1. Can you say whether L213 is surrounded by 16 or more Cβ atoms within 10 Å (Cβ to Cβ) and part of a helix (DSSP H, G or I), as far as the supplied structure shows?
2. Taking segment 68-113, which residues are of a type in the set (A, V, I, L, M) and either farther than 18 Å from L139 by Cα or surrounded by 12 or more Cβ atoms within 10 Å (Cβ to Cβ) (or both)?
3. Considering each of L225, L275 in turn, give the residue that is touching a Lys or Arg at 6+ places or on another chain (Cβ under 7 Å) and farther than 29 Å from I65 by Cα.
4. Exactly one condition in (1) of a type in the set (A, V, I, L, M); (2) closer than 18 Å to M212 by Cα; (3) at pLDDT 95 or above is false for A300; which is it?
5. So, in segment 39-59, exactly how many residues are surrounded by 21 or more Cβ atoms within 10 Å (Cβ to Cβ) and in contact with an Asp or Glu (Cβ under 8 Å, 6 or more places away or on another chain)?
6. Go through segment 301-325 and give me each residue that's surrounded by 15 or more Cβ atoms within 10 Å (Cβ to Cβ) and assigned to a helix (DSSP H, G or I).
Amino acid sequence: MTDRSAPRAARRARTAVFASVNAQTDNLGDILIRREMLAWIGDLAIDLRIFVGAMPESYLEACRIPAGARLYRSSVDFQRDLLREALRSRVFLFFAPGPYFAPPTLSGVGKSFVNLANATVARMSSGGAVVLGRAYRDLNRPHRLLNRALVTHARFACLRDLASSEALGADVRFEPDLGFGEADRAGGDAAGTRRRYVAFSLRSGKDEPRGMLEAARDWCAETGLELAFVTQVGRDDERHARLSRELGGVHVGWDGAGHAAQLDEVARVYRESALIVSDRLHAVVLGSTCGATPIALKDADWDKLPATLQPVMDLTLLARDADASTARETLAKARPVRADIEAAHARLHGARAELRALLDPTAAEVAAAEAASP
């Protein structure tokens, strides 16, 4: 007989959540979205297991991993414990936000198969897969079939752009990139703080938009602003250092260490920036949530930024090879997106509440009580 006097939490099946923060160690954007993922669930009554692989301690500190989480360096141990917990707990397997890389090789397809198999095991435990803020592109037929099955049978799934549904061949829920989850980083809007920079964060692997940069330098000189070259991804730093020497302006450099400190420094500069101009998705996201007006650099053969951001905001675009006149006009007339940022945050807040209620029913009760309180 069930003891009805026992606390509800004690009668509820234990919930174990398996997630990964393993990513590119030199990319602050990866930290930004993984930190937000953990912030959604870190205070719930769950047994949290996190695969960290070979990530350095500085990276893990910046991710703000919740106290009490069990960390795994070994993928074998992580896999073993997922299977073990599925026999005695509700298991939810998180598939981390960001792009899913699907190499068209046997090992690449094998990874997609293992992901689907693990998601199936989790669902058999009365839990399931959670696909949060992912993006899919260029899937061959085996990858498309396996990942479509994973996403469409997940207990909770949202993708960060509409093109991902097309890549999967399925109509999957859209939500803004998780980087918008912390909507108000705009401390620079406080009285007395001047927005003095036009910040650039540029991919090292793309053609250098020299003409546009020279036009921006001249426009800044005329408007009393200053260039800032901001490194959010370590491999971009060499280019930023050189551009700051050649064109003038501030260089926010990074040697790949001190992830949390670098993220704070980048945010500080964005809070003092009137504009953020970038072909890096999370430079636009972080800059815009810090109050800078975003301009996304556009390439004819690359849709990542428009596909992810245009469903969320009235995005200003600037072609990488724009002439000086077009560049100056775009800098002068870029459209503010503050209201769009707030709407994206509100939308993510609703998704967060839905996911929390799935993982921990008491979270829904608490949220309802807070909403009902005067």
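The values are calculated or read from the model by the stated rules, or taken from the named source; none is laboratory data. All values reported here derive from a predicted model rather than from experimental measurement. Cβ atoms come from the backbone with ideal geometry, glycine included; neighbour counts cover every protein chain shown.
1. Considered against the rule, which asks whether it is surrounded by 16 or more Cβ atoms within 10 Å (Cβ to Cβ) and part of a helix (DSSP H, G or I), L213 comes out as yes.
2. Passing the criteria: A69, L71, V76, L82, L83, A86, L87, V91, L93, A96, A102, V109.
3. Step by step, each of L225, L275 is checked, and only L225 is touching a Lys or Arg at 6+ places or on another chain (Cβ under 7 Å) and farther than 29 Å from I65 by Cα.
4. Every condition holds for A300 apart from (3).
5. Matching residues across segment 39-59 total 2.
6. Of everything in segment 301-325, those that are surrounded by 15 or more Cβ atoms within 10 Å (Cβ to Cβ) and assigned to a helix (DSSP H, G or I) turn out to be K304, L305, P306, A307, T308, L309.
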